[in-house]
1. When only C-alpha pairs under 8 Å and at least 6 residues apart count, what is the relative contact order of the chain, in percent?
2. Among the DSSP beta bridges whose two residues both lie in the chain, what percent are antiparallel, rounded to the nearest 5?
3. Just name one of Leu164, Pro193, Phe230: the one whose Cα is farthest towards the positive end of the charge dipole of region 138-241 (beta-carbon charges, Lys/Arg +1, Asp/Glu -1).
4. About the Cα centre, and with charges only on the beta carbon of Lys, Arg (+1) and Asp, Glu (-1), how big is the dipole of the chain? Nearest 20 debye, please.
5. Any chance you could check the Cα centroid distance between region 190-210 and region 126-148 for me, in angstrom?
6. Rank Gln84, Gln166, Gln73 by mean-square fluctuation in a GNM of the chain with C-alpha springs under 10 angstrom and give only the top-ranked residue.
7. When ranked by the protection proxy of mean other Cβ atoms within 10 Å per residue, highest first, what sequence do the peptides 16-22, 172-178 form?
8. Could you point to the residue in Ala137, Met80, Tyr246 farthest towards the positive end of the chain's charge dipole, with +1 and -1 charges on the Cβ of Lys/Arg and Asp/Glu respectively?
Amino acid sequence: EAYTDVKYSQTLAYFKSLADYAYAYQLNEFAVCASAYPPWLDKAPGNTANGREYCLNRNNTQWPLSRGFWNYQSRCAYMMRQGQPVVDLCIYLGSEVSNKLLSYRLPQIPEGYDWDVCTDDALLRILTAQQGKLKAANDMTYRVLVVERLARLTTEAEAKVEALKQQGVPIYDARKEGDYGLKAFLEQLSLSPDAAFSSANKPDNRLFFAHRSTGRAEIYFFDNHSHDIFSQDIVLRNSKGMTAEYWNPDNGQRYTLDTAPTPEGNLSISLTLDAHEAGFILLHK
């Protein structure tokens with residue numbers, strides 16, 4: 001459900017920043033809240049409900065100006081449906097999540113690694129070990145299972161975690177190792193960041209990313225969630241011998257990016273994004 005509590009006073013540019021943040025967390029389809037509700041043609045900017053301003057409807061004064069906004073969403077959602085997500089970390093929240101949704105604490109996740117969360121439903125019924133990785137449904141895999149620090153596990157769940165460990169799945173147990181040792185653990189595994197860059201690492205001043213793989217191409221979505229320009233060389237993992245292109249969802253333009261090989265067999269790519277700009281880097285051979 002999208003844009004539920006945005007205000008009439010906020011602009012389409014602000015709505016875009018919300019969407020970009022969602023794409024960076026692998027969301028790829030929005031149901032626009034209340035867009036079908038206003039039956040009247042003579043009430044502008046539209047109806048409300050209990051003080052909520054349902055902004056994206058045909059009576060909003062911004063509506064005639066919104067075609068570019070929707071074209072942008074269309075391009076982003078289309079790209080974010082290609083292939084499968086590439087995610088390194090599966091964070092297990094324990095067996096009592098429904099009783100402590102507001103109290104669990106994720107470990108300190110190093111910059112450049114993407115993550116999902118799971119509960120007993122996935123751990124006990126879906127996740128298996130395969131060649132040292134954690135395998136989920138539809139051939140989705142993870143490199144590391146992380147047990148959250150406040151997780152409480154049933155006997156069955158403890159046994160499953162131990163079985164996965166014995167089958168070669170790397171497991172970081174924050175109950176024993178704490179919230180801040182994950183970076184060193186990943187370095188010991190020689191698991192480099194999927195996308196290496198330096199970031200302010202603050203909620204309102206960060207570079208967020210998502211990665212999807214089609215088998216023929218690697219698709220990265222980058223969101224400069226900041227008021228500042230981002231301009232750096234970034235390093236993308238497992239990218240040796242590939243061509244890099246920037247695909248701009250704002251206008252549909254595509255162009256080749258300058259790259260340089262790294263000693264580790266990756267690509268270093270020069271990337272510049274304006275404040276709150278987002279777009280795709282596509283790698284292919």
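The values are calculated or read from the model by the stated rules, or taken from the named source; none is laboratory data. All values reported here derive from a predicted model rather than from experimental measurement. With ideal geometry, Cβ positions are generated from the backbone for all residues, glycine too; neighbour counts draw on all protein chains shown. Keep in mind that these areas ignore ligands, DNA and RNA; they rest on the heavy atoms of the full protein, side chains included. Shrake-Rupley method; radii C 1.70, N 1.55, O 1.52, S 1.80 Å.
1. Computed value for the chain: 16 percent relative contact order.
2. Around 80 percent of the beta bridges assigned by DSSP in the chain are antiparallel ones.
3. Leu164
4. Approximately 440 debye in magnitude.
5. Answer, in whole Å: 23.
6. Gln166
7. My ranking of the peptides, most packed first, is 16-22, 172-178.
8. Ala137
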